[in-house]
Amino acid sequence: MPTHAEKRILRYTPEQMFELVADVRRYPEFLPWCVGARVLSHTDTELLADMTIGFKMFRESFRSRVTLDRPSQVRVSYEKGPFRYLNNTWTFRPHPQGCELDFFVDFEFRSGMLQAVIGVVFNEAVKVMVGAFERRARVLYGRAVPNASGTPAPVT
């Protein structure tokens, strides 16, 4: 049931945004409600990760398989945990101002109570999460602006 799609133009390269999103083990450093992340296996094209989210009185862990299609897409599929299903996709396309980011998430919790609590704040929470990735890009890459070729270059 809850689904959310978000599109943003960011002043970073698709490669930069791909690397940021693919670095799952760093999520607890900047992502609200992510209180733990552990990568169980990792190859160039896929990783298996456990993540723990905490929200108010709830704390849930789940496992996801993350498919890495460098540098254009990160797809997350649910393995096990409190969801009936969870799918999300990050797509990164070159744009004259840097990168067009498309984010999509679709999930349903097994617990009706948890679903009801999250459902009330879901859209706002997803916007906050996407914003956290944008802020993380600023921390890692600086405030980027396009150079003469149209690709982002850090501001010095």
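Assorted remarks:
- Any hit, the stretch 19-30, residues being of a type in the set (Gly, Ala, Ser), loosely packed, with under 15 Cβ neighbours inside 10 Å and in contact with a strand residue (DSSP E or B) (Cβ under 8 Å, 6 or more places away or on another chain): no
- Pair list, Cβ < 6 Å and 6+ apart or interchain, from the stretch 8-23 residues that are farther than 13 Å from Phe133 by Cβ to residues that are of a type in the set (Asp, Glu): Ile9/Glu100
- Candidate set: the stretch 119-148, residues that are β-branched (Val, Ile, Thr) and open to solvent by 30 Å² or more (accessible area, probe 1.4 Å); chosen: the one modelled with the highest pLDDT: Val139
- Failed item, numbered, when Gly81 is tested on (1) touching a strand residue (DSSP E or B) at 6+ places or on another chain (Cβ under 8 Å); (2) modelled with pLDDT of 95 or more: (2)
- Residue that is nearest to the chain's Cα centre (by Cα) [pool: residues in the stretch 64-93 that are over 19 Å from Pro2 (Cα atoms) and open to solvent by 30 Å² or more (accessible area, probe 1.4 Å)]: Gln73
- Unique match (being of a type in the set (Gly, Ala, Ser), crowded, with 16+ Cβ neighbours inside 10 Å and more than 21 Å from Val128 (Cα to Cα)) among Ala49, Ala37: Ala49
- Residues of the stretch 94-109 classified as open to solvent by 20 Å² or more (accessible area, probe 1.4 Å) and part of a strand (DSSP E or B), total: 7
- Flag set for Leu48, criterion: assigned to a strand (DSSP E or B), in contact with a Leu (Cβ under 6 Å, 6 or more places away or on another chain) and over 25 Å from Val139 (Cβ atoms).
- Matching residues in the stretch 9-34 - criterion: being touching a Gly at 6+ places or on another chain (Cβ under 8 Å) and acidic (Asp, Glu): none
- Annotation: of all residues in the stretch 24-34 being out of contact with any Cys (no Cβ under 6 Å at 6 or more places or on another chain) and part of a helix (DSSP H, G or I), the one that is nearest to Val130 (Cα to Cα) is Phe30.
- Only one of the numbered conditions (1) part of a strand (DSSP E or B); (2) in contact (Cβ under 8 Å) with a residue 40 or more places away in the chain is violated by Ser41, and that is (2).
The values are calculated or read from the model by the stated rules, or taken from the named source; none is laboratory data. Owing to the predicted nature of the structure, the values given are computational and were not obtained by experimental measurement. Cβ atoms come from the backbone with ideal geometry, glycine included; neighbour counts cover every protein chain shown. Note: accessible area is taken over every heavy atom of the protein model, side chains too, but ligands, DNA and RNA are not part of it. Shrake-Rupley method; radii C 1.70, N 1.55, O 1.52, S 1.80 Å.
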